[in-house]
Every structure is written in structure tokens, then in C-alpha cells.
1. Would it be correct to say that residue B:335 is facing chain A (nearest Cβ under 9 Å), closer than 19 Å to residue B:275 by Cβ and in contact (Cβ under 8 Å) with a residue 60 or more places away in the chain?
2. Can you confirm whether residue B:282 is modelled with pLDDT of 95 or more, buried (at least 21 other Cβ atoms within 10 Å of the Cβ) and under 30 Å from residue B:216 (Cβ atoms)?
3. On the basis of being in a loop (DSSP other than H, G, I, E, B), away from chain B (no Cβ under 14 Å) and either surrounded by 16 or more Cβ atoms within 10 Å (Cβ to Cβ) or among the acidic types (Asp, Glu) (or both), does residue A:176 make the cut?
4. Checking residue B:400 against (1) surrounded by 15 or more Cβ atoms within 10 Å (Cβ to Cβ); (2) of a type outside the set (Asp, Glu); (3) within 14 Å of chain A (Cβ to nearest Cβ), which single condition isn't satisfied?
5. Those residues that are surrounded by 14 or more Cβ atoms within 10 Å (Cβ to Cβ) and more than 8 Å from chain B (Cβ to nearest Cβ), I need them from the stretch A:104-113; list them, please.
6. Is it the case, given these coordinates, that residue A:228 is more than 16 Å from ligand 1 (Cβ to nearest atom) and of a type in the set (A, V, I, L, M, F, W, C)?
7. Would you mind telling me which numbered condition in (1) surrounded by 22 or more Cβ atoms within 10 Å (Cβ to Cβ); (2) under 28 Å from residue B:200 (Cβ atoms) residue B:327 fails?
8. Which members of the stretch A:5-22 meet the condition of being in a strand (DSSP E or B), more than 14 Å from ligand 2 (Cβ to nearest atom) and over 16 Å from the mean Cα position of the chain (by Cα)?
Amino acid sequence: MLKIKNLACTINDTPVLNGLNLNVKAGEVHAIMGPNGSGKSTLASIVAGDEKYTITNGDIELFNKSIIDLAPELRAAMGVFLSFQYPVEIPGVSVSNFIKIAVNEQRKHNGLDPMGSTELLQEMKKNLELLKMDSSFLSRYINDGFSGGEKKRNEIFQMSMLKPKLAILDETDSGLDIDALKIVANGVNSLRSSENAFIIITHYQRLLNYIKPDHVHILANGSIVKSAGPDLALELEAQGYAGIIK
Amino acid sequence: MIRTEKNIVQGNATGEKSAEHLFSLLKKRIEKELNTLTTHDSKLNQTRIDALNYVLKRGLPNKKQKGWGYTKLAWWLEFAFSEKSMIPSSPAKYLEMLPPENEFFILVLNGVVQKDFCKLPSNITITELKDLKEDVLVDILNKEQLKKNTFAQLNCGLVKNGFFLKASANDFINDIDILYAHSSENKENYFNQMHSVYMLEENCQLNIVERFWCATGTHFSNTVSQSILCRGSKLTKYTLGSMASSNERCQNMHTEFIQQKDNSESKLYRFYFSKGKFKSEGTIRNNILVDFDGVNSKSDTYSISMLSKKTHVDNNIVINHHAPKNTSSQIFKGIYDDDSSGVFDSCVVVKKHAQKTKTIQKNNNILLSSKASINTNPQLEIFADDVECAHGSTIGELDQNALFYLNSRGLSKNAATSLLLSGFISEVTKMVSDKAVKKELFADLNKQLNL
Ligand SMILES: Nc1ncnc2c1ncn2[C@@H]1O[C@H](COP(=O)(O)OP(=O)(O)OP(=O)(O)O)[C@@H](O)[C@H]1O
Ligand SMILES: [Mg+2]
């Protein structure tokens with residue numbers, strides 16, 4: 001599904017990623033761990049299409065098609081979703097209105113008829129229930145005055161509405177209490193299928209207890225320095241990065 | 001004035017010479033008027049003479065004058081100082097510009113109320129200025145509060161057209177649409193002086209919606225509106241656009257004076273867009289003056305300027321809390337594209353006896369182009385000690401992180417920008433309760449936002 005080949009990029013002329021390779025197949029869950037500042041969020045943003053970064057080398061392919069020249073909204077329409085490490089506050093725009101626009105913009109791109117308001121509202125209520133969120137969320141402004149944990153839940157709520165093919169969760173577990181962590185993990189697990197894939201960026205092994213990854217990668221200094229099975233996360237938790245990154 | 005090539009060459013938008021030239025033309029116009037006024041001695045004529053002499057003494061405002069740092073009179077206004085009254089043939093066609101669902105309306109054509117094209121409920125009367133008793137007219141033109149305002153004085157000295165609208169209490173709220181139109185048959189330059197008065201008697205409620213339609217040409221509108229809110233009365237006034245609508249060679253000076261007695265409520269909405277049905281493309285200067293003379297009253301002013309090209313909107317506001325226990329709020333939002341510009345110059349004055357005053361002053365701006373500009377200056381002058389005052393201004397650009405957030409969820413650049421901007425102005429748009437206005441407002445907004 002996703003093939004990242006020898007990717008290098010800079011931001012404001014500072015190199016961040018250098019020669020990163022990653023291969024994600026449909027149905028898989030990949031965990032990415034790595035020290036602060038190693039480039040995890042950069043990788044996530046660049047796949048989603050953030051134009052702040054300049055790609056200096058390599059390529060990103062989604063469904064065997066290069067996407068590096070595609071605008072973020074076109075990638076979203078292809079099925080890319082990024083759960084932000086720091087979700088942005090947008091005063092004056094309600095969650096429900098935004099989701100309605102987002103769902104229908106994506107449907108339009110894919111040649112589908114817009115979903116009606118009633119149908120959408122039903123779907124929203126169903127997903128909110130699954131995530132144990134109050135329906136009053138819908139009329140609140142996007143992330144405006146949300147607590148840290150509420151912002152992360154709101155990201156997963158949007159994911160559940162947009163049903164992406166490739167979901168990248170950037171530290172979605174940070175800021176969640178233990179119950180919320182389980183709820184969010186359930187939300188992710190309920191979306192898992194042989195058709196879609198997840199990239200989960202996290203600092204802690206805990207989330208991976210609930211969402212079993214197929215592969216764990218360590219990103220350091222702008223490239224993936226080690227890849228292995230789920231046990232790598234346990235190993236890291238015990239030893240830290242010192243033993244693994246030279 | 002006759003428009004000739006020579007005049008155009010002489011003009012210089014910034015030069016002192018052109019300001020002097022403009023004043024000399026205005027002076028001629030004023031002196032002609034003074035000659036007529038002095039032939040007959042009356043209280044009314046004396047009031048007008050005093051007003052015009054004030055203008056002659058003060059001259060036209062210049063950059064160095066407080067409150068006039070950012071709005072200048074353009075040289076092409078010289079063509080406009082030829083006051084002509086033009087009555088076009090078919091006033092009826094202008095009525096089509098009003099929303100059909102509204103029952104009551106007033107048509108004002110080239111400054112003149114068209115009696116045959118007005119429909120009003122029984123508790124509302126409208127009288128043209130020329131038909132008012134002399135005492136009443138003198139009272140209007142002699143208002144102390146307008147005496148330090150050059151353009152209001154110019155209006156008081158010269159004005160012939162206008163109306164006095166009186167609303168008495170009734171069981172229902174009256175919604176009245178007013179269309180100010182300027183002849184389309186005539187492309188002549190136009191100097192419009194109008195003075196309207198709204199007298200709200202005790203406990204009555206009035207909703208006014210003002211719309212404007214202006215033919216092409218050079219216009220200078222210098223209008224004054226006074227509203228007197230007696231005890232317990234409520235006024236809501238929507239101003240959708242301005243007379244400075246047809247092109248950048250239009251200038252609109254407007255003075256809005258509101259006087260509030262006990263337990264009264266005023267709500268002003270002013271919308272300026274460079275595109276859509278209510279577009280404004282010229283230079284607009286608003287002087288908004290609210291006086292609280294009684295207690296337990298409220299005044300809210302909401303405004304959105306969403307401008308492009310060279311459109312300029314200058315809001316100069318003074319809210320005087322003379323008496324205790326009154327609440328005032330100002331929420332002004334500005335979005336500026338291209339070479340457009342705005343001014344928010346507002347002062348809330350809380351007098352010594354005005355304890356328990358509450359006031360909010362808010363001005364938020366987004367600049368969409370590097371050539372656009374905004375000058376914002378919220379001020380408070382407080383002489384009482386038991387008051388709640390909040391004020392603040394912000395100037396920013398579109399938040400790139402927010403744009404990417406919306407893009408990444410599938411919204412195109414345009415859709416994302418529109419959504420961000422509509423969120424930015426929602427603090428004002430959500431306060432619009434009139435259904436017809438809301439519909440037109442959103443249609444206009446969508447046009448402006450390219451939705
Ligand atoms: N605008 C910028 N200008 C310069 N450097 C930047 C900018 N944005 C990010 N960087 C740098 O890029 C590097 C990678 O940042 P990134 O956010 O991808 O790290 P991360 O792995 O997600 O870290 P964390 O675990 O703390 O979230 C960091 O060194 C950061 O300082
Ligand atoms: Mg990060």
C-alpha cells in the first residue's frame with residue numbers, strides 16, 4: 001500500500017529525514033518509535049502532504065502511484081489520514097459542520113454522491129458512542145478549549161468518520177487516561193481490516209498491548225535504524241534507545 | 001464642475017495642493033449657501049450658518065488631525081461638489097431589490113423619500129425634513145453631540161433631504177427595509193447629503209435594514225443618522241454595504257449618532273464586502289457615537305469588513321457612558337485582501353458617575369495580502385472606579401497549521417480558507433437574528449469566500 005523509498009527532506013534548509021525506507025502492506029499495523037526530534041512527526045506530516053517540508057530525494061508511493069506532487073486533500077481522498085500530535089484549534093467552526101464538509105469533499109473526489117445530513121448525524125452519533133464521547137462534542141468548535149485527551153479522542157472520532165485506508169496516529173496515546181487509551185484502541189481495532197493499514201507513532205509500549213503491531217521500527221536521526229516484530233517494543237521499554245542506536 | 005483633462009492632471013491623491021484645491025471648491029459651495037441663508041433671519045438659518053462657519057473655520061480634516069490619520073479625501077471628489085437633484089423616471093424598479101417577503105419598506109431615491117413607494121405600519125410615521133416644524137428641525141440640526149464633527153456640521157449646514165421617522169409603542173416588532181438608491185439613468189457625479197432621524201418612543205421596538213444601490217460615477221455621500229431611544233425602546237439596525245458601492249471613486253462619510261435613555265437597547269450591524277450584492281468598492285468612513293444618558297441600557301455594535309481591491313473602511317467610534325449601569329460591546333472583524341485597508345479607532349469613555357459600567361471592545365483582523373493594511377486603536381478613558389472593561393485587538397495572517405489540518409482531512413485550499421474565515425467571523429454572524437438578512441448575508445459571504 002505505502003512504499004517510502006530512500007526519502008530525504010529538509011525544513012528551512014535543515015535536513016530532517018535522510019534516506020528513510022518503509023513498506024506498509026494492506027492489513028498491517030506498523031509501530032514507529034524513536035527519540036524526541038528524530039523525525040517521526042516529520043515523516044507523518046510529509047506522507048499527509050505538509051508543504052512546509054521540501055523533499056530532496058526519494059519517493060512516496062501509495063497504491064503504486066507516486067504521491068509527492070499531490071496536494072494534501074487529494075491524498076486524503078485516496079485514503080490517507082493523519083491523527084495530529086498537536087491537533088489544531090479552530091474557533092468558530094463546529095465539529096459536526098467540519099466533519100460534514102470533510103466527508104462530502106472526500107466523497108466528491110471519489111465520484112460519490114454527498115451524504116445527507118440526517119444519515120451523517122446518525123453515523124456521527126454511532127461513532128461517538130463507540131468512543132464513549134458525549135454528543136455535545138458535535139456542536140463545540142474544533143478542539144477549541146478541549147483538554148489534551150479530548151483533542152486526541154476527537155482525532156480518532158474524525159478517523160472513524162472518514163474511514164481511511166492508511167491511518168497514521170502520531171502520539172495519539174499521549175495525554176490519554178488509561179480508560180481512554182483502551183477506548184481509543186478499541187476504536188482503532190474496530191476499523192482494522194485486511195483492506196487498511198495503520199502506522200502508530202508512540203513513545204510507549206502500553207498502547208501496543210491493546211493494538212498488536214505486526215512490525216516495530218526505530219527511527220533515529222532521520223532514518224529507520226532497526227525493524228523487528230512486536231518484541232522490539234518490549235526490549236526498548238526495558239533498555240531504552242542507548243543499546244540500540246549507536 | 002466640468003470634468004476636463006486638465007482637472008485630472010491637476011489631481012494628486014496625496015499632495016497638499018489637491019486638498020487645498022478641494023477645500024477651495026467646497027468653500028465656494030458653502031459661501032453660495034451662506035449668501036442665501038443670510039437673506040432671511042430665522043433660528044433655522046442661524047443654525048445652518050453656524051454649522052457652515054464651523055466647517056469654514058476648521059477646514060477639511062487632514063492627516064495630522066486626531067482620528068484622521070488614515071482616511072483622506074480623494075482629489076476626484078472635486079467633481080462631486082456639484083449638488084444636483086436628479087429624480088429618475090421609474091422608482092418602482094428599485095423596489096425589486098428588496099426581499100419580497102418583507103411587508104414594510106421605504107424607498108429613498110437620490111436622497112429623497114419616495115412617498116408613493118413606502119409602506120409603513122400604522123404606528124410609524126415618516127415626515128420629510130422640509131415638512132418638519134422649524135423648531136423640530138432646529139433641534140435636529142443643532143445637536144450638541146454633532147458639533148465637533150466637520151462632516152456632520154457640513155451636513156447640518158447644507159442638508160435639504162432626509163426624513164424624521166417616529167415609532168410609537170405597539171404590540172409587535174416592526175421590520176422595515178430601507179433602500180437608498182441613486183439614479184441609474186444618470187451617470188453624473190453626485191454629492192449626497194442626507195439626514196435621517198429615528199425617534200423611538202417609550203417601549204417600542206424597531207428593526208431597520210438598510211440597503212444601498214448606487215449607479216456608476218463619482219459620489220460623495222455625507223450622511224447623518226440620529227436615533228433617539230426613549231425609555232424601554234429597542235432598535236436593531238442592519239447596514240448592508242454603503243453608498244460607496246459602485247467603484248473606487250466613491251466616498252461615504254457617515255455619522256451614526258445614538259442617544260439612549262433608561263432601559264433601552266440598541267444593536268448595530270454593519271457589513272462591508274467588496275464582492276456580492278452589497279459590495280462597497282470605495283472609501284468609507286463611519287463615525288459612530290453612542291451616548292448613554294439613562295441607566296440600565298445596552299448598546300452592541302457588530303461589524304464585518306471583508307475587503308479587496310482598494311476598498312477602505314474606517315470605523316471611528318466613541319461610546320460615552322455618562323450614566324451608571326450601562327453595558328456596551330463592540331465586535332469588529334476585518335479580513336483584508338489585495339490593497340484594501342481598514343481602521344478601527346474606538347474610544348469608550350466612562351464618566352466619573354458611570355459606576356457599574358460594563359464594556360467590551362474587540363477588533364480582530366486577518367491580512368490576506370502583503371499589501372493590505374489595518375490600523376487598530378482601541379482606547380478606554382475611565383474616570384469611574386467600579387467598572388468592567390475588556391479590550392483587545394489582534395492582527396494576523398491565515399494560520400498555516402490550521403490550513404494544513406483542514407487540507408489533510410480532505411478540504412481543498414479554497415474550502416479550507418473559507419471555513420477558517422467563516423469561523424473567524426462567526427462571532428458576528430451568529431448574532432444576526434433577522435432571517436432575510438441572514439440569508440442575504442450568507443449568500444454574499446459565500447461569494448466573497450469563493451464557496
Ligand atoms: N520549522 C522548523 N524549523 C527547523 N527545524 C524544525 C522545524 N520543525 C521541526 N524541526 C526539527 O525537525 C526535527 C524532527 O522533528 P519531529 O517533530 O519530526 O520529531 P519527532 O520525532 O516527532 O519528535 P517528538 O518525539 O518530540 O514528537 C527536530 O529536530 C525539529 O527540531
Ligand atoms: Mg512528534
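1. Answer is no for this residue.
2. Against the criterion (modelled with pLDDT of 95 or more, buried (at least 21 other Cβ atoms within 10 Å of the Cβ) and under 30 Å from residue B:216 (Cβ atoms)), residue B:282 does not qualify.
3. Judged against the criteria, residue A:176 is a match.
4. That leaves (1) as the condition not met.
5. A:104, A:107, A:108
6. So residue A:228 passes the test.
7. The single condition residue B:327 does not satisfy is (1).
8. A:5, A:6, A:7, A:8, A:9, A:10, A:14, A:15, A:18, A:19, A:20, A:21
The values are calculated or read from the model by the stated rules, or taken from the named source; none is laboratory data. Please read these numbers as outputs of a predicted model, since none were measured by experiment. Neighbour counts are summed over all protein chains in view; Cβ atoms, including those assigned to glycine, are modelled from backbone coordinates with ideal geometry.
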